[in-house]
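Only one structure is covered here, and it is reproduced in the block below.
Taken together, the values in this text are just the output of simple stated rules run on the coordinates, not laboratory data. What you see is a predicted model; the values in this text were computed from it and never measured. Because the Cβ atoms are built from the backbone with ideal geometry, glycine has one as well, and the counts that use them run over all protein chains shown.
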Amino acid sequence: MKTTSYVLLSALLFCTYTFDKTDPSNSKIDDFNDSGYIFNVNVTKINSQYSDIPSAVFRDKLVFVSSKKIGAIGSGKDKVTNLPYTNLFCTDISNNNGDFSVPILFSRILNSRGNEGQVSFSPDQHTIYYTKSKRKNSENYQMYLATLEKDSYGNWVNHTPLNFNSDEHSVETPHVSYDGQYLYFSSNMEGGFGGFDIYKAKINSNGSVGAPVNLGPTINTEMDEKYPHTSLDGGELFFSSNGHEGQGGFDIFISNDYGNMEYATPRNLGIIVNSLRDDIAFTLINEDNGVFASNAGNVGQRFNMYKFNARAIYQNLEGIIFKENDEILADITVSLYDNNGNELERQVTGKDGIYRFKVRPFVSYQIKTSKEGYEDGVIIFQSKDTNLNLAYKEDLELSPDGTLSKK
């Protein structure tokens, strides 16, 4: 259950950080930010008087969901939100001033008279996974996939409902991992931990989707988790929750994905991003920049979009490698690997036996050693803090049989 332990202090700071969301000089880390990033947040200039929520990037355009009204498409109001039915819009992503162009309708083929929900695309952008609800049951979204007709700009064809759709539950907020292997989404289907849970399903080579798997109790709570979004390397999961401890309503959280359905305890992105109300739809445009939506300062469920820059925090890891007799070992090749087995950096120790690496907070690494006359060694290193000035000291002992252990 989401607690309110931060509410009093957040209330005292509310005016400051609501202003910061529109302040170009805003670039700081706050006491509630355990994400491993420093955020700079500014309001976009394309928000309407209605609700605007980012969704995905398609061909250098930001696709978003909005209840703004154009012509007869989606005319009328949703009785649940008391806002016009939502449609899909898109806007060019500017590389110059960091803002967006005047929005236009994304697709008349996809837009209907009901609510259009979040969308996501395959890495080659030839397949779209989209959600929509009908007027008679506007809170129940169903998911479909469609393919882009060859040599067309936006003619989506072969519309197919996903096999886990049901009138008994809603299927929402899809996100395709950047390697195209998994489809993430949220649903209140039976068998979850609470209201809406986050699931993922394997994407087959033909674009069809396998059986969904619940991400488990580390991510999902007895309340609601929605808007999953993975980092470009797949090592981090961003999502919104009103069940984990936060500022109020939905907050945006981050969790490290260690593979094999193992996730780190979710961490709050802090009060530069999160408000006392609902903060949702964290969407990366590239490795360092993106957008999200918040209804802070608005009446009802009207969301505005905010753009952000996320600067990764790096910390120092260093140590000395010794023999079993406490003699320093020189000329050892020391390599740093991420949790997926990718080599990040390699160096050879000098006479002092010292190795040095830059590491990210809350990440699991492998340190591997190689030296003639010794078996290759490996040891796990886990960073645990977001302190900018933190330096880890890890002296290691290497045995001829390759046993690598902490001193």
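Taking the chain as a Gaussian network, where each spring joins two C-alpha atoms under 10 Å apart, which residue of N140, N82, N309 fluctuates the most? Most flexible of the set in this elastic network: N82. Estimated purely from DSSP H runs of n ≥ 4, each contributing -39500 (n - 2.57), the mean residue ellipticity at 222 nm for the chain is -1000 deg cm²/dmol once divided by its residues. Could you work out how far the C-alpha centroid of the range 208-246 sits from that of the range 80-154, in angstrom? Their Cα centres are 21 Å away from one another. Between V176, V102, V334, the Gaussian network model of the chain with springs among Cα atoms under 10 angstrom shows the greatest mean-square fluctuation at V102. When +1 charges are put on Lys and Arg Cβ atoms and -1 charges on Asp and Glu Cβ atoms, the dipole computed for the range 74-198 relative to its Cα centre reaches about 600 debye. Take the chain, mark every one of the GluC sites (Glu not before Pro) that falls in a DSSP loop and has at most 15 other Cβ within 10 Å, then report the longest stretch left between them, sites excluded. That gives 1-148 as the longest site-free run.
Residues S275, S101 in ascending order of nearby Cβ atoms (within 10 Å, fewest first): S101, S275.
Result for the chain in a Gaussian network model with C-alpha springs under 10 Å: among G154, G235, G243, the largest mean-square fluctuation is at G154. Taking the Cα centre of the range 7-312 as origin and assigning +1 to Lys and Arg Cβ atoms and -1 to Asp and Glu Cβ atoms, the resulting dipole is close to 1300 debye. Applying 1/(1 + (r/R0)^6) with r as the Cβ-Cβ distance of Q181 and K323 and R0 = 45 angstrom yields a FRET efficiency of 0.55.
With contacts taken as Cα pairs under 8 Å at a separation of at least 6 residues, the chain carries a relative contact order of 14 percent. Amide H contacts of Y392: N316, L317, E318, each under 5 Å away and 5 or more positions distant or on a separate chain (H built 1.01 Å from N in the peptide plane; Pro and chain starts excluded). Near the amide H of E236, within less than 5 Å, lie the amide hydrogens of S231, D257, all on another chain or at least 5 residues away, with H placed in the peptide plane. For the chain, the antiparallel share of DSSP beta bridges with both residues in that region comes to about 95%. Taking the number of Cβ atoms within 10 Å of each Cβ as an exposure proxy, the fewest-first ranking of M223, M261 is M261, M223. Farthest towards the positive end of the charge dipole of the range 7-312, among the residues N256, F106, S186, is the Cα of F106, using unit charges on the Cβ of Lys, Arg, Asp and Glu.
Greater than 31 Å separation of Cα atoms is the criterion. Which listed pairs, K45/K150; K226/K384; K307/K393; K150/K200; K134/K202, meet it? With Cα atoms farther than 31 Å apart: K45/K150; K307/K393.
Across the range 315-406, Cα pairs under 8 Å and at least six residues apart give a relative contact order of 34 percent. Once backbone amide H atoms are built at 1.01 Å from N, E245 has T3 as its partners under 5 Å, excluding neighbours fewer than 5 places away on the same chain.
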